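These notes are about the structure you will find just below.
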Amino acid sequence: MTRSGLIKQFLAPRIARLREISAVTATVTAVVVPSLLIGTAGCGGGTGDRHVAVPRPEAYPRVVMPDSSYVDLPVAGGVTLRVNEGAGVNVSSRDGAEWVDIRYKGVWGEPGVYLTVTEARAGEVEEVMANRRERMALNLGGQRYELTELTSAGGWECMMAVARGSLTTPVQILARKDGSVISGALVLTLPDADGVAPDPVAFAPVVDAVERDMLTLLKSL
C-alpha cells in the first residue's frame, strides 16, 4: 500500500468521528439557539422601553352629603319619622301602607332611602316581620354586614343592617311596635357614564351619612 493510502486509512476513522461530532453539535445548536432567542426577545421586551406611559387612575367624584340637621315628619298611624332636613321627602299611600321616599338630591349616585310604614292587622304582625326579614336577607346576598339592634325611647324594637361592600342596598332598617312595622333600605343608582368603575369606596360617604340618619330616625321613634 502506498504512503497516501496508509494516511487515508489512518485518518478515515477520525474524519468519520469528526463528522459525527459536527452532526451532533449542529443538532444541539438547532435546539438551543431558538430558546436563547426567545429568552433574549423576552428580556428585550421587558427592558427595552423604560418610559412606558401608564394611564392615571380616574378619581372618584367628591361626595358631599347633607349635614346632620333633622325635622320631624308625621305619617299615618300616629308615627313620626325624623328625617334629614337637607333631603327631599315624598309621602304617598298605596297598597294599604304609607310610602316615604327620602332622596338626597344632587349627590353622585342619586341615593335614596325608601321606607314603608305598615299597619298590620291583628295576628299578622309576625308574618309581616318574617317577610321583611327575608327581604333583608335577600338584599344582603350573603355579604358581610354590621347589625345594630336597639329599643327606642318610644318602645320600638329596631334593627339596622349595614353592608359596606354592597353596591345596591348597603343600609337596611326594620322596626316594630304593636301592629306597626317600619321597613326600608338605602338604594344606590350606579353611574355608568362618568368613566369610573363602581366601587364601594366611592359610595362610603353616602353609606356613612345614611347610617347616621337612619340611626337617628330609629332612636327617635
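Working from label points 7 Å from Cα in the Cα-to-Cβ sense, the N131 to L147 distance is 2.2 nm.
Once the chain from S68 to D95 is taken as fully extended at 0.36 nm per residue, the excess over their C-alpha distance is 6.5 nm.
Which percent of the accessible heavy-atom area of region 68-141 goes to carbon and sulfur, probe 1.4 angstrom? Let's see the in-between values first.
Details: 1920 of 4120 Å².
Result for region 68-141: 47 percent of the exposed heavy-atom area is carbon or sulfur.
In sequence order, region 90-99 has phi-based couplings of 10, 10, 9, 10, 6, 6, x, 9, 9, 9 Hz under the Karplus curve 6.51 cos²θ - 1.76 cosθ + 1.60, θ = phi - 60°, and Gly or Pro positions carry x. Based on protein heavy atoms only, region 68-180 ends up with 53 Å² per residue of surface accessible to a 1.4 Å probe.
Under 5 Å from the amide H of L73 lie the amide H atoms of L81, R82, V83, each residue being 5 or more positions distant or on a separate chain, with H modelled from the backbone and absent for Pro and chain starts. Across region 211-221, computed HN-Hα scalar couplings (Karplus, 6.51 cos²θ - 1.76 cosθ + 1.60, θ = phi - 60°) run 4, 4, 5, 6, 5, 4, 4, 5, 5, 8, 5 Hz from first to last residue, x flagging Gly and Pro. If you add up the charges near V75, with Lys and Arg at +1 and Asp and Glu at -1, over every other residue whose beta carbon is less than 14 angstrom from its beta carbon, what do you get? Result for the local shell: -1. Across region 74-88, computed HN-Hα scalar couplings (Karplus, 6.51 cos²θ - 1.76 cosθ + 1.60, θ = phi - 60°) run x, 10, 4, x, x, 8, 10, 9, 8, 10, 5, 5, x, 9, x Hz from first to last residue, x flagging Gly and Pro.
The values are calculated or read from the model by the stated rules, or taken from the named source; none is laboratory data. On a predicted model such as this, the values are computed, not experimentally measured, just so you know. Don't worry about glycine lacking a Cβ; one is built from the backbone with ideal geometry, like all the others, and counts go over all protein chains shown. Just the protein is used for accessible areas: all its heavy atoms, side chains included, with ligands, DNA and RNA removed. Shrake-Rupley method; radii C 1.70, N 1.55, O 1.52, S 1.80 Å.
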